[in-house]
Each structure stands twice: as C-alpha cells, then as structure tokens.
Amino acid sequence: MKKRMMSILLLATMVTGLIAGCGSTKKEAKNDDDDVVTVTWMTSRPVDGEIDQVMHEIADQYSKEKGGKWKIEFETTADRPSYLQKLKTLIAGGNMPDIIDIDADPYCQELVDAGMLVDVKQFLKDNDRYDDFYPIALKYQEFTDGSMYTLPLEYHVEMTWYNKEIFEQYNLTPPTTMDEWLNVCKTLKDNGITPISVDGVDRWPVQRYLAMLPFRETGNDFIINLRDGKEKMDSETGREAAEFMKEMGQYFNDGFAATDYATAQSMFLDGKSAMYYIGDWEIGAMQDAYEQGKIDYFYLPTIEGAKTQPNEFCINSGIGMAFNAETFDEKTKDFILYVIDNYGKLYAGKQQMSPIKTDLPDDVEYSDLYLKIQEDMQSTGENFLKPWDTYLDSNTNTVMQDNLLLLASGDLSVDDFCKLVDDSIAEYTK
Amino acid sequence: MGVIRNKKAFLAFLLPGLLFYILAVFYPIEESIRLSFMKWGGIGKKQFVGLENYVTMFHDEVFYKAFFNNLIYLVIVVSMQLLIGLFFAILLTYMTKHVTLVKTLYYVPCIITTVAITQLFRSMYSTEPMGLLNQILQKVGLGGMVTSWLAKVSTVLPAVSIPEGWRFTGMYMVIFYAALVSLDPSVYEAAKIDGASEMQILFKIKMPLIKDIILLTLTMCLTGALRGFDIPFLLTSGGPGNASELMSTYMYKKAFSSNQYGYGSTLAVFIIIESILVVYILRKIFTSKEQKEEKRIEKERIRRNRRGNH
Amino acid sequence: MKKKIIKIIFAVLIILFLIIQIYPVIWLFVASVKPTVELSAAPFAFPKSITLENFSKVLSDGKIGMYMWNSLKVTVISLILIVVLSSTAGYALSKFKVRGTKTIYSFFTFGIMVPVQITLIPLFIFYSKLGILNTSFSLILPQVGFALPLSVMMFVSFYEFVPNELIEAAVVDGCSPLRTFIQIVFPLARNTVITIASMYSILIWNDFIFANTFISDTSAKTVAMGLKDYVGAFGNVDWGSTFAAIAISILPPLVIYFALNKWVTAGMTMGATKG
C-alpha cells in the first residue's frame, strides 16, 4: 500500500516538475525572433470573406514595405460561438493575443477594467484619424460612458425585406408604423402565407424584435438602465416589448426556433415567406431579386410619440478589433495606421459598406441597390438601435436568448420571461 | 491475480499509461474541484467563496431540469442502441445471404461527422421547408402529427436524443451479432432436438450466454450517453428555453457562454460524482454477474461432458 | 407457409433499417452537389441541377488536404499510443502479482464516466504554460487519456483468457516479462487491438470539442474544425460547401472501412466476445 502511494506521489512530482520546467521555455522562444516581428490577430470573420481578403492584402503589402521584417498571423474562427469560447479560454489562461475581435460588451468592459486593452479613441485622436470614420460607426463601438476600445472594420444597416409580389397580391403597402406592420402580418397569415421567416438557431435575429419597441419608446435608454439594474424587464416598457415579441412570434415561420440562417433566407428568396429581417451584408444575395423588381425593403416602423426618428434604426459596425495593451508597441501602431489609411478604399472596392469615409473607386461598378443603401446610410439620424447582446452580461444574454424562443413561440408567459431576465440581471449587478 | 512478481517490470508497464491518464483525466478533475469553490469570470483574481456555488446549484431550477432531461436522454439513447441493436443482430442471424454487406452498411452512420448528422436531422425535423419526417407522416395519413419537432418544448428532448441513439445503433448491432454467431451451435442444437422453440432458445439460452457482452456494451452505451454533448449542443444548444438542456451542455454554457467558470466547475464536479455512482453500481452488477456466470459455465461444461459420454 | 411469411417480414425489416442507416450518406453526397439556395429550400428533393461548384470551391485553396493530414496525424499517433499504453497497463494489472493492482484498476475504470468537457479549461491553461497549444500533442493527450479507461478494461478482460500457466511456463524458461509480453501475450490480443482501433479511430477523426478549444492556428486545424470555415457573417452557413467538405472528409474513413471491413467486424466479434 505504501509503495503505491509512493509511486503516485512520485508521479505527481514529475507532473508538477513538467509544468514548472516548461513554463519558462516560451519566453525564451519569444526572444529568439528579434528581427522579425510577428503579430497575432485572432479573428472571427468569415474565412475568405471581404474583410479577410482585404486585411490579407494590406498585411502582405505592409510586410513587403517593411522588407519582410514584419509579419501578421491570422488565426481565424468564423463560427462566433466557437470563437468566443476560444477567446475566453485564451484570456482565462493568461494568453491574450496581440489583436482580437470583440464586441463592446460587459466582458470587454471587464478586460478594459483589468487594463488589458488599448484605448482606441485616444489612439485615433492622437493620430488624427478619428474623423476618418463615420461617426455612427465609431459610436457603435463605444461603451455607455463614451469610451471606446474597439476599432470597426464594417458598417451595416438592418432592414426588413419584403416580397413585392405577395404584398401586391393582398394590396399591402410597406408598413410605417408598428400597428401597420402587425396588420400586414395578420392579413398575410389569414391568407395562409408565412409572414416572416426567422433564423432562430442563431438567436440574435429574434432578439432584435424584442429590442424594437423599447428603441422607439426610449432610444437605448431602456436597455442601458435594464443592464445597470435601474430598470426592470417587468416594467411598462419591458412588458410591452415582451408582449410585442409574443405577438410578432405568431407570425414567424413555423418552427423558427430550429430554422437556421440559410433556411430562413432561402425561404424568403424562394417566395415562401413574405418578409425577412437582415442587414445590408446580404446585398449580394438580394441583388438579383431586387433588380427583377421582386423584392424591396423598409426600415424599422415607428410608433406614435416615438422618441426616435424613422431614419433611426438598427445600425452596427460589427465586431470590433481590439489591441492587447501589453504588446501594443510602435510597430503595431504603425501597422494599424497603415490599415486605417488603406482599408476604406479596398473594402468599398469589394462592394461593401466601409466604416471609414472613402470615395468609391471608379473602376468598380456598383449596383443600384448598393448605391441606394449607401445613400440611406449617409442620411440616418444620430440615434441608432444598438443590439441588446452587446449590452447585456453574457449570462443574462444566454438566459434571455434561450427563453426568448419560448416567449415568441407562445410557450412562456410574459410574466415568467420578465422574471427570468430580471433575476439574472439582479444576480449580475449584485 | 497474476503470476509475475517483478516489481520493476510492473512499474515499467504500468507507469506510461498511468501518467497519460493522470495528466489528461485526473489533473483536470483536481483543477475542477478547486475551481468549484471559487468565483471566477476568467479575468483577474479567483475569489474563494466556499460552498456558495454548491448552494446555488441546489437552488437552480435549470440544474434540476438538466438532470432529469439527462435521465430521459440516457434512457432513450441506451434503449435505442441496445434494443434496436440487439433486435437487428438477432434478425441478421437468421439471414443467410449478404450478411456481410448488410452488416457493413449498418455501420456507416458511425463514420459520419456530427456536423453533418445534426444538419441532416435539423432538415428532417423541420416543417418549413417540409422535412422528411413530416413528409412521411403526411403520406401515411398522420398529417395531424406534423410539427416542428425541434422547436416544440414537448418533442425537442426525444428529437435530440434519437440522432445520438441512431448513430451508434449499427456499431452495437455488429457487436451483438458477432457475439451471437460466435456461440457454439451445439449448445442450442441440442435444445432444438429436445423440442424447444426458437423463442425459448433465444431467451433461455442465447441471451444468458451473451450477458457479459450486454453488460460491456451497456457500460459503453451509458458512457457515451452521459458524455453525449455535441449533437444536442449543435442541434438546439439546450433550447428552446432549457427544454433540451443536458448536464454537459448546461455546464459548458455556464463556463464558456456565461463566463462562470466556478459555477461551471461545480456542475462538472456534480457530473463526476454522479458518474462515480453509476460506475460503482455497474461494477457491482458486473462482478456479481461474472461470478454467477462462472458457476453457470462450469455447470454447462459438466452437462455437456455428460452428453458427450452418452 | 408461416415460415415464409416470417422470412419476408424479416427481410422487409432488415431492408427498412438498412435504408434508415445509409440514407444519410446518400443524402450527404446529393446535398454536396446541390446549389446552396436549393439545398435549404428543398433539402430532400432530387437536385434540379447538379453543380460541382461546391467541390471546386472547397478544393481550390487546398486547405482541406492540410486539415485531413492533421487529422490523420492526430488519429494515427493517438491510436498507437492508446494500443501500446493500454495493452501494457492492462498486462501489468492482470498478470503481475503485485499488491494494489485492484485499486489501480478501479482508479482506471473510474475514468470511464468522466465527461470530457471538464478538461477544457484546466488543460488549456496547462498547455498555454507549456506553449504547446496548436500542436498535435495538445489533442493527442486528452484523446489518449480518455480512451485509456475503456481500452485498459477491455485488455484486462481479454488477458483473463490468457492462462497464467502459459506465462508461468515462459517465466520458468527464463523469458523476461517484456519478452513474454511481446512474443506471447500481445500477439494473442489482435482482436482486442482491432476493436479498440476501429472504435477510437472514428471517434478521434470526428472529434470537434478538443480541436475547437486547443487549436486556433489555420495550419493546425483538423477536418472537423475545417468544416466551420464555411460559416459566413452573422451565422450564415454555406451548406453546399460544408457538405462538399464533409463528403471529401468522410471518403478516406469510408474507403478504409470498406477495405478493412472484414477485419473490423471480425475483430469486433472476437474482441467483444473474448474480451
């Protein structure tokens, strides 16, 4: 018996020896490549998507200019949940990469509080680049206190697309108020048509519907106060939002909770649903049908006595780029400035909406749809609906998103939903 | 108990495996236990909170929900894999032609990646566009049963359990079939001559003889089902609400989506304790069955010898 | 007559089950030649038009080949380690007269039920201290560690069938424990080896959760992770390409399985019945 204990003890010491012994090897390895600077960007953008392509182009160009002494490594995980898990584990393990992608959410705030991220607002102002961006694109990246630690690489508006043929068939016009919208849905449903196809698998599209009424009533105040524990889901505004969600839910396609993005979108494009909520990043998919005059879009309907204007709706500038405060040296700074100076034109050249002001390149032909939406984006108001998932702490967000599906499908009462959300927030703000 | 007494050789044979095992399995368990007494969001210092996480767990409604869901999941998966597997293994023993081909094809689902399986089942269960399952229901006149299986609270749990059960049924069938055909025919031929029916032979003679295999596969099955994670996680990630939440998906979500590493670890510790219990019970069954089995085989041999002497 | 009816029922059942079992594979290959929009609009209809675009898209950057090579590396090395470590440990636990073997055996079998997810955070921190994230080893360690309990158990129960007298005789003849193992015991365990190898090769090849946590470098990604390369902005998945990638990635296991099929099922049979 004693022998056995001894051998296990021996093993244990071996294991700890291994851990301690190898802990130091990494640092030595880092010192070795002094002459070539390698920066790691852990990113969550679609592989070979436009951002990916442009950033690779810029990085190659920059590396060439530096005579190969500078290198950037892309570690891409396009799938957002996988990416976030990996990022969180990396940070928990004390290994934050040089550049990361992150939303300005409470988790990001925690990183900021721990002094791990670079103040991007300051950086842009110091280097005279702040006005290069569209104000809303930057404002989206801000925390509620106005500070900003993430740099936008995209710029999007979200709208509801509708099938013109179906609308004409039932004498419907694009709604301008929420009540009209509900009526449109009701008419469609009464005629046996699926009013809206929704991607419930990814959760966020459903969450947008919950945010709509509070945005019209209060701007982003409601969600900010809710997060801070000063407001309750179980308040007049909150309950109205939940009621609206529940009412809208009946007009979603059957089984939307298990419908994925691709299915929801092709249902709409296939004429199997009359409306579909998505942003301008899907211009490519919408183009053909739009040109054939089959589909069009409308922005968020409004309500009587709304605090926000009809030209104010959900705008986002996507997940931002953030920099590790510890490794943000002159060389990285220089690269980032290089990116800012070159990104806009290249990105817009790929038929994308750039967050950096730029003239559209002459050699690229833009579709009417692109130009129309671009024009819309120039004339938006100064408020915009910021998605709720960037405000809420991750636990509350999980709870809300999970139960939202139940609420929308009519399996959960408004009371219970509000209680679940409020409990979770109380837990976080405790 | 073995026969070689060389202790050095013993350690040389044992240690490499043991080391890997301790490093990969035990070190993480130890860490989980430690973390389960802490509050930690992944950034900054860990804060010791004593039993707080455990208290939270026993007041957490979702925890109970996940626990009972897991039991149902376990029952569905294990019974599919064992019963259907066994049933078709038996059918196959009565087949004379193309057995190898059929056996090979039955095994195929095991090879497919989870991502493909989940997407296939998601399409099958859906109503818009009409999934295969619902199409079949309509065709056979059960149109009233058509529903979006993954979106409904009442159907989602079985709906996520079935793919897991389905994918390994073929593997267990192959194992059972193998066990059944390897039985010595003389044992039941004799019974046949004595006038026993096929059913009697099956249940009174063949089944008891492959009891060991059944127990072994039961262990494998339970293991697989308790660890079952990727299909439910990819299909519904526990939703809608928490209707298809399992212990492992809940633990994963708490740790990695909600950043509650401490609480996540507490759930992990609970899963481990639960597992120890299952292993313990199974081992109890195993050893007692084994001993009984030995006695039975002994008797069998004596009986057979007597027959041979006739 | 009655016998004939029963036979027909049997045949129908077997064929029905066969369809259920192989339908997905057929669907998978059909899906991979469908355009993405058609795929999500009418997933079960026969393709209106066949496109090889998905395949050319997947094959064009050559990444899938690299992913498969990574998966192969991890799978082969893990399998070798699993077989070597569990056969030796099983040998130590069943053929040596040393005190404590029972306790160590229980210690091993305890691991059977430990859920793999608990390892993610601790191992991640451990790896990053060692600086071995994004290496094959980071995947091999947990794969082997979690395969050991069951495979040790299977070896131990197989060795019970190897008579002690055989080993005693070898020892008396002056055979060292190592030679006894290599020349006498291990060759007998062929079927157990095949059973374990065929079971774990599939599990390891398809593993997602470890790879997803420990690998982020593109050049170290495995196949299961590579399938996530076709996820677009805001969760839009290019299913056509994904299925093309899946079709390519399951070809090697499928071919190997059909080629070695006789061995695998036979090995499973023996491995299962005798061990």
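The values are calculated or read from the model by the stated rules, or taken from the named source; none is laboratory data. No experiment lies behind these values; they were computed from the predicted model shown. Cβ coordinates were reconstructed from backbone atoms using ideal geometry, including for glycine residues, and neighbour counts include every protein chain displayed.
Residue-level check: of (1) part of a helix (DSSP H, G or I); (2) without any contact (Cβ under 8 Å) to a residue 40 or more places away in the chain; (3) more than 14 Å from chain A (Cβ to nearest Cβ), B:Q119 misses just (3).
Table: residues versus (1) at pLDDT below 95; (2) among the aliphatic types (A, V, I, L, M); (3) over 29 Å from A:N397 (Cβ atoms); (4) in contact with a His (Cβ under 7 Å, 6 or more places away or on another chain).
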{"position": "A:D128", "(1), (2), (3), (4)": "yes, no, yes, no"}
{"position": "A:D131", "(1), (2), (3), (4)": "yes, no, yes, no"}
{"position": "A:E142", "(1), (2), (3), (4)": "yes, no, no, no"}
{"position": "A:Y149", "(1), (2), (3), (4)": "no, no, no, no"}
{"position": "A:Y155", "(1), (2), (3), (4)": "yes, no, no, no"}
{"position": "A:N163", "(1), (2), (3), (4)": "no, no, yes, no"}
{"position": "A:L188", "(1), (2), (3), (4)": "no, yes, yes, no"}
{"position": "A:I196", "(1), (2), (3), (4)": "no, yes, no, no"}
{"position": "A:V201", "(1), (2), (3), (4)": "yes, yes, no, no"}
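Of all residues in region B:23-48, those satisfying the criterion of being more than 8 Å from chain C (Cβ to nearest Cβ) and aliphatic (A, V, I, L, M) are B:I33, B:M38, B:I43. Screening A:I425 on (1) out of contact with any Ser or Thr (no Cβ under 9 Å at 6 or more places or on another chain); (2) closer than 15 Å to A:D234 by Cβ shows it passes everything except condition (1). I'd like the residue in region A:192-205 that is touching a residue at least 40 places away in the same chain (Cβ under 8 Å) and either surrounded by fewer than 20 Cβ atoms within 10 Å (Cβ to Cβ) or more than 12 Å from chain C (Cβ to nearest Cβ) (or both) and, out of all such residues, is nearest to A:N403 (Cα to Cα). Once the filter is applied, the top-ranked residue is A:W204. When region B:20-49 is filtered for residues that are at pLDDT 90 or above and part of a loop (DSSP other than H, G, I, E, B), the ones remaining, listed by number, are B:S36, B:F37, B:V49.
Taking the criterion of being touching a Lys or Arg at 6+ places or on another chain (Cβ under 7 Å), in the same structural domain as A:M116 (by TED's automatic domain parsing), at pLDDT 80 or above and not basic (K, R), would at least one residue in region A:40-47 satisfy it?
Just the residues of region A:40-47 that are touching a Lys or Arg at 6+ places or on another chain (Cβ under 7 Å), to begin with: A:44.
Those left that are additionally in the same structural domain as A:M116 (by TED's automatic domain parsing): A:44.
Pick out the ones that are also at pLDDT 80 or above and you get A:44.
Checking which are not basic (K, R) leaves us with A:44.
Checking region A:40-47: at least one residue is touching a Lys or Arg at 6+ places or on another chain (Cβ under 7 Å), in the same structural domain as A:M116 (by TED's automatic domain parsing), at pLDDT 80 or above and not basic (K, R).
Among the residues making up region C:134-167, those that are outside any helix (DSSP H, G or I) and either within 11 Å of chain B (Cβ to nearest Cβ) or crowded, with 24+ Cβ neighbours inside 10 Å (or both) are C:E160, C:V162, C:P163. Against the condition part of a helix (DSSP H, G or I) and modelled with pLDDT under 50, how does A:I19 come out, does it pass? Yes, satisfied. When the residues of region A:398-411 are narrowed to those that are touching an Asp or Glu at 6+ places or on another chain (Cβ under 9 Å) and at the interface with chain B (Cβ under 8 Å from one of its Cβ atoms), which ends up surrounded by the most Cβ atoms within 10 Å (Cβ to Cβ)? Only one residue fits best here, namely A:L405.
Might you check whether a residue that is more than 8 Å from every other protein chain (Cβ to nearest Cβ), over 24 Å from A:Y140 (Cβ atoms) and in a helix (DSSP H, G or I) occurs anywhere in region A:49-58?
Looking only at region A:49-58, we keep the residues that are more than 8 Å from every other protein chain (Cβ to nearest Cβ), and these are A:50-58.
The next check asks that each one be over 24 Å from A:Y140 (Cβ atoms); those that pass are A:56-57.
From the residues that got through so far, the ones that are in a helix (DSSP H, G or I) too are A:56-57.
Yes: one or more hits.
Condition check ((1) free of Cβ contacts under 8 Å to residues at least 24 places away in the same chain; (2) in a helix (DSSP H, G or I); (3) small (G, A, S)) across all residues:
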| site | (1), (2), (3) |
| --- | --- |
| B:F176 | no, yes, no |
| B:A179 | no, yes, yes |
| B:A191 | yes, yes, yes |
| B:A196 | yes, no, yes |
| B:M199 | yes, yes, no |
| B:F203 | yes, yes, no |
| B:M207 | yes, yes, no |
| B:I213 | no, yes, no |
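What is the residue count in region A:106-126 for residues that are in contact (Cβ under 8 Å) with a residue 40 or more places away in the chain, surrounded by fewer than 21 Cβ atoms within 10 Å (Cβ to Cβ) and assigned to a loop (DSSP other than H, G, I, E, B)? Final tally of qualifying residues: 2. If you check B:T100 against the conditions, is it more than 10 Å from every other protein chain (Cβ to nearest Cβ) and more than 19 Å from the chain's Cα centre (by Cα)? Against the criterion (more than 10 Å from every other protein chain (Cβ to nearest Cβ) and more than 19 Å from the chain's Cα centre (by Cα)), B:T100 does not qualify.
Give the residue that is nearest to A:Q352 (Cα to Cα), with candidates limited to residues of region A:235-282 that are part of a helix (DSSP H, G or I) and in contact with a Phe, Trp or Tyr (Cβ under 6 Å, 6 or more places away or on another chain). Among them, the one singled out is A:A262.
Determine whether region A:287-296 contains at least one residue that is within 14 Å of chain B (Cβ to nearest Cβ), in contact with a strand residue (DSSP E or B) (Cβ under 7 Å, 6 or more places away or on another chain) and surrounded by 20 or more Cβ atoms within 10 Å (Cβ to Cβ). Among the residues of region A:287-296, not one is within 14 Å of chain B (Cβ to nearest Cβ), in contact with a strand residue (DSSP E or B) (Cβ under 7 Å, 6 or more places away or on another chain) and surrounded by 20 or more Cβ atoms within 10 Å (Cβ to Cβ), which makes the answer no.
Quick check on region C:191-224: of everything there that is within 8 Å of another protein chain (Cβ to nearest Cβ) and aliphatic (A, V, I, L, M), which residue is nearest to the chain's Cα centre (by Cα)? Give the derivation first.
Pass one, region C:191-224, residues within 8 Å of another protein chain (Cβ to nearest Cβ): C:199, C:202, C:206, C:208-209, C:212-213, C:216-218, C:223-224.
Cutting the leftovers down to aliphatic (A, V, I, L, M) gives us C:199, C:202, C:209, C:223-224.
On the way: C:M199: 5, C:I202: 2, C:I209: 14, C:V223: 13, C:A224: 12 Å.
Checked region C:191-224; the qualifying residue nearest to the chain's Cα centre (by Cα) is C:I202.
Any idea which of A:R227, A:R203 is at positive phi and either in contact with a Phe, Trp or Tyr (Cβ under 8 Å, 6 or more places away or on another chain) or of a type in the set (D, E, K, R) (or both)? After applying the criteria, what remains is A:R203. Being of a type outside the set (D, E, K, R) and out of contact with any Pro (no Cβ under 9 Å at 6 or more places or on another chain) narrows it down to one residue among C:L72, C:L52, C:L39, C:L85; which is it? Every option except C:L52 fails the conditions.
Those residues that are part of a loop (DSSP other than H, G, I, E, B), facing another protein chain (nearest Cβ under 7 Å) and out of contact with any Pro (no Cβ under 7 Å at 6 or more places or on another chain), I need them from region A:61-90; list them, please. Break it down into steps so the answer makes sense when it comes.
First, the residues of region A:61-90 that are part of a loop (DSSP other than H, G, I, E, B): A:66-69, A:77-79.
So of that shortlist, the ones also facing another protein chain (nearest Cβ under 7 Å) come out as A:77-79.
Selection gives A:T77, A:D79.
Are any residues in region C:21-43 within 30 Å of B:L92 (Cα to Cα) and surrounded by 13 or more Cβ atoms within 10 Å (Cβ to Cβ), and if so, which ones? So that I can check it myself, show each step before the final result.
If we filter region C:21-43 for residues that are within 30 Å of B:L92 (Cα to Cα), which is where we start, we get C:21-30.
Residues satisfying the conditions are C:Q21, C:I22, C:Y23, C:P24, C:V25, C:W27, C:L28, C:F29, C:V30.
If you go through region A:378-406 and keep only what is in a helix (DSSP H, G or I), over 17 Å from A:I425 (Cβ atoms) and out of contact with any helix residue (DSSP H, G or I) (no Cβ under 8 Å at 6 or more places or on another chain), you end up with just A:Q378.
Of A:K350, A:K331, A:K307, A:K357, all but one fail to be surrounded by fewer than 19 Cβ atoms within 10 Å (Cβ to Cβ) and closer than 29 Å to A:D179 by Cβ; the exception is A:K307.
Checking each residue in region A:386-405 for being more than 24 Å from B:G264 (Cα to Cα) and out of contact with any strand residue (DSSP E or B) (no Cβ under 7 Å at 6 or more places or on another chain) picks out A:K386, A:W388. In region A:169-178, the count of residues that are more than 27 Å from C:N236 (Cα to Cα) and within 25 Å of the chain's Cα centre (by Cα) is one or more. Of the residues screened, B:V62 is not one that is part of a helix (DSSP H, G or I), out of contact with any helix residue (DSSP H, G or I) (no Cβ under 7 Å at 6 or more places or on another chain), within 30 Å of A:I91 (Cβ to Cβ) and of a type in the set (A, V, I, L, M, F, W, C).
Please state which one of B:F121, B:F87, B:F58 is over 21 Å from the mean Cα position of the chain (by Cα) and modelled with pLDDT of 85 or more.
Values: B:F121 fails: over 21 Å from the mean Cα position of the chain (by Cα); B:F87 fails: over 21 Å from the mean Cα position of the chain (by Cα).
Only one candidate qualifies: B:F58.
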